[in-house]
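Structure first, commentary second.
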Amino acid sequence: MSLMVENISKIYDNIPALERVNLTLEHGIYGLLGPNGAGKTTLMRIMTDLLVPSTGRVLLDGKDISALGPAFRDKLGYLPQDFGVYPNFTAEQFLLYIAKLKGLSKFEAKRRTDELLELVSLSDKRRKKLGGFSGGQRQRIGIAQALLNDPQILIMDEPTAGLDPEERIRFRGILSDLSQNKTILLSTHIVSDLEAVANEVILLKKGQVLEMKEPAELLALLDGRVWTVTLSIDEEPVLAKQYSCSNITHTDGKSTLRLISEQRPHPAAQPMTPNMEDMYLSFFR
Ligand SMILES: Nc1ncnc2c1ncn2[C@@H]1O[C@H](COP(=O)(O)OP(=O)(O)O)[C@@H](O)[C@H]1O
Ligand SMILES: [Mg+2]
């Protein structure tokens, strides 16, 4: 299976939100990383055939998704960024309702609802109204509804927004359970969400793809460019202004800066192993 984004641009009121985006997704987990306004939601809505691009097309195994229509939607699961829930539905009622909209038989709807409530660890909350769910529980229902039709392609727009650290770890577990034989695309502006999860990371900035690489390859781009240096607090502003700093800490009247620089930025600077935050900073600041 391959999902190919071919020369996609999107212009809203003369302002480009996406510019000539080309991507090919096969099996695995792809992270779409970029700051707010980068074009992540626009790209995902085009890839789910909900939004018409200004130029270009999206191909599933060589066929235009807009021509495939229902045959594409049968293979697709989507969790929108602004996933609305019906507060008066119970978890079970909601999933059965969405299953009906997706055209599942009554029997299949019941079977999948049971399976998915189990997968997202909400079986014991099946009769609870969604209005009383926590952010993390609601998000898990969102993931469950996207999976009702057992999609080969799963697109999730900021699925970890609003989750606490424990819920993020749980979400990672669900993702790795799902990733067999599927194409999963998830967007985020939180680098730690992708570190342990994504096979490939797509960096999107101002509507353009900067890189699509494995996390380790992205980190390797920064080899020899990340430093820490401890100096007096008066020296700090000079360096902080000159370089991109990913971290500054103060102890005992001294400042420790973590920064990105092609050359050793200060005689006392020590080279460091790059991490994903350094990577984010170097591309997006
Ligand atoms: N319906 C719209 N009309 C006009 N501009 C829009 C619309 N949707 C998004 N944009 C603009 O397009 C750009 C990309 O937005 P979006 O795709 O939502 O980015 P992201 O999801 O990465 O935050 C932003 O500058 C945003 O303001
Ligand atoms: Mg968005």
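The values are calculated or read from the model by the stated rules, or taken from the named source; none is laboratory data. Nothing here was measured: the structure is a model prediction, and the numbers come from that model. A quick note on method: Cβ atoms are made from the backbone with ideal geometry, for glycine too, and the neighbour counts reach across all protein chains shown. Protein only, heavy atoms only, side chains kept; ligands, DNA and RNA dropped before computing areas. Shrake-Rupley method; radii C 1.70, N 1.55, O 1.52, S 1.80 Å.
Among the residues of segment 267-279, those identified as open to solvent by 100 Å² or more (accessible area, probe 1.4 Å), closer than 27 Å to V191 by Cα and not β-branched (V, I, T) are Q270, E277.
Taking the stated definitions as given, is L59 more than 8 Å from ligand 1 (Cβ to nearest atom), under 19 Å from S2 (Cα atoms), in contact (Cβ under 8 Å) with a residue 24 or more places away in the chain and surrounded by fewer than 20 Cβ atoms within 10 Å (Cβ to Cβ)? Taking the combined requirement at face value, the residue satisfies it.
Being more than 16 Å from ligand 2 (Cβ to nearest atom) and touching a Leu at 6+ places or on another chain (Cβ under 9 Å) is the requirement here; does V52 meet it?
No, not satisfied.
K110 passes every criterion in (1) surrounded by 15 or more Cβ atoms within 10 Å (Cβ to Cβ); (2) outside any loop (DSSP other than H, G, I, E, B); (3) modelled with pLDDT under 95 apart from (3). For segment 62-86, the tally of residues that are assigned to a strand (DSSP E or B), open to solvent by 20 Å² or more (accessible area, probe 1.4 Å) and in contact (Cβ under 8 Å) with a residue 60 or more places away in the chain stands at 1.
Those strands (runs of 3 or more DSSP E) of segment 150-266 in which at least 3 residues are crowded, with 16+ Cβ neighbours inside 10 Å, in contact with a Cys (Cβ under 7 Å, 6 or more places away or on another chain) and touching a residue at least 12 places away in the same chain (Cβ under 8 Å), considering only elements entirely within it, cover 254-260.
If you go through segment 60-85, how many residues are away from ligand 2 (no atom under 16 Å from the Cβ) and farther than 21 Å from S179 by Cα? So that I can check it myself, show each step before the final result.
Taking segment 60-85 first, the residues away from ligand 2 (no atom under 16 Å from the Cβ) are 60-77, 85.
Then keep just the ones that are farther than 21 Å from S179 by Cα; that gives 62-71, 85.
Result for segment 60-85: 11.
So for segment 13-23 (the condition being among the small types (G, A, S) and free of Cβ contacts under 8 Å to residues at least 24 places away in the same chain), does at least one residue qualify? No - not one qualifying residue is present in segment 13-23.
Picking from residues in segment 3-35 that are assigned to a strand (DSSP E or B) and near ligand 1 (Cβ under 9 Å from one of its atoms), the one that is surrounded by the most Cβ atoms within 10 Å (Cβ to Cβ) is L32.
Filtered by the rule that a residue be under 18 Å from S121 (Cα atoms) and of a type outside the set (A, V, I, L, M), segment 90-105 gives T90, E92, Q93, F94. When restricted to residues that are within 16 Å of K213 (Cα to Cα) and part of a loop (DSSP other than H, G, I, E, B), segment 267-283 contains 2.
Considered as a group, the residues in segment 36-56 that are open to solvent by 50 Å² or more (accessible area, probe 1.4 Å) and either on the phi < 0 side of the Ramachandran plot or out of contact with any strand residue (DSSP E or B) (no Cβ under 9 Å at 6 or more places or on another chain) (or both) include one that is farthest from ligand 1 (Cβ to nearest atom), and that residue is T55.
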